[in-house]
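First the structure, in the form of structure tokens, and then the observations on it.
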Amino acid sequence: MERKNPKPIALFIGRFQPFHLGHLKALKWIAEQSSRVIVAIGSAQKGFEPENPFTADERKKMIWEQIEAADLAGKCRLAAVTDVDDNEMWVAHVDANMPPYDVVYSNNGLVRLLMKRAGKEVRDIPFFRRKMYDATKIRGRMREGKRWQDRVPEKVLEAMERMHAEERIRKL
């Protein structure tokens, strides 16, 4: 049976440590191309680490609050996926933990390679001010006490302030 909506169901996968304005712009762009978007929170088993300071539940909460504020809740679904230390098994693991999807949106080289190798359709996401909106740089700015607040969306900032994210990142 053919689906009524010709737009695909998209999978947008990332660690979102933290979810920044570049991610939000990418999500909005993907939502325009898609009937639905599954936002897959990767490395879900990680948290309280320098490169992965936020838990999957914290990331879900901050992202969902922003999705609601952006009026995308009716089009998006959040899901979490843990890492697998076997690239040959990774796509099967993702598929087993995600709702069905038609296309993967990613600019991550390894994600693109593994998904393509598994026969998945993979599409690029336009970069939105990549030099500014980079989670590694944002975490670095937080550690160094530099201004970072203007690089994350409002609801994400509120969630991060509630969890004392800057203090956590400095301690880690």
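Only one entry of 69, 44 meets the criterion of being over 14 Å from the mean Cα position of the chain (by Cα) and at pLDDT 95 or above, and that entry is 69.
Looking only at the stretch 87-100, count how many residues are of a type in the set (D, E, K, R) and either at pLDDT 95 or above or under 23 Å from residue 36 (Cα atoms) (or both). Adding up the residues that qualify gives 1.
Considered as a group, the residues in the stretch 94-132 that are among the basic types (Lys, Arg) and more than 17 Å from the chain's Cα centre (by Cα) include one that is farthest from residue 31 (Cα to Cα), and that residue is 117.
Residue count for the stretch 148-172 satisfying the condition of being buried (at least 20 other Cβ atoms within 10 Å of the Cβ) and either over 10 Å from residue 62 (Cα atoms) or of a type in the set (Val, Ile, Thr) (or both): 6. For the stretch 87-107, the set of residues classified as of a type outside the set (S, T, N, Q), out of contact with any strand residue (DSSP E or B) (no Cβ under 9 Å at 6 or more places or on another chain) and under 29 Å from residue 169 (Cα atoms) consists of 90 only. Looking across 158, 167, one residue alone is over 29 Å from residue 100 (Cα atoms), free of Cβ contacts under 8 Å to residues at least 12 places away in the same chain, part of a helix (DSSP H, G or I) and of a type in the set (D, E, K, R). It is 167.
Every residue, every condition in (1) out of contact with any helix residue (DSSP H, G or I) (no Cβ under 8 Å at 6 or more places or on another chain); (2) under 17 Å from residue 97 (Cβ atoms); (3) among the hydrophobic types (A, V, I, L, M, F, W, C), yes or no:
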| position | (1), (2), (3) |
| --- | --- |
| 9 | yes, yes, yes |
| 16 | no, yes, yes |
| 29 | yes, no, yes |
| 34 | yes, no, no |
| 39 | no, yes, yes |
| 52 | yes, no, no |
| 60 | yes, yes, no |
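The values are calculated or read from the model by the stated rules, or taken from the named source; none is laboratory data. Note that the coordinates shown come from a computational prediction; the quantities given were computed from them, not determined experimentally. Don't worry about glycine lacking a Cβ; one is built from the backbone with ideal geometry, like all the others, and counts go over all protein chains shown.
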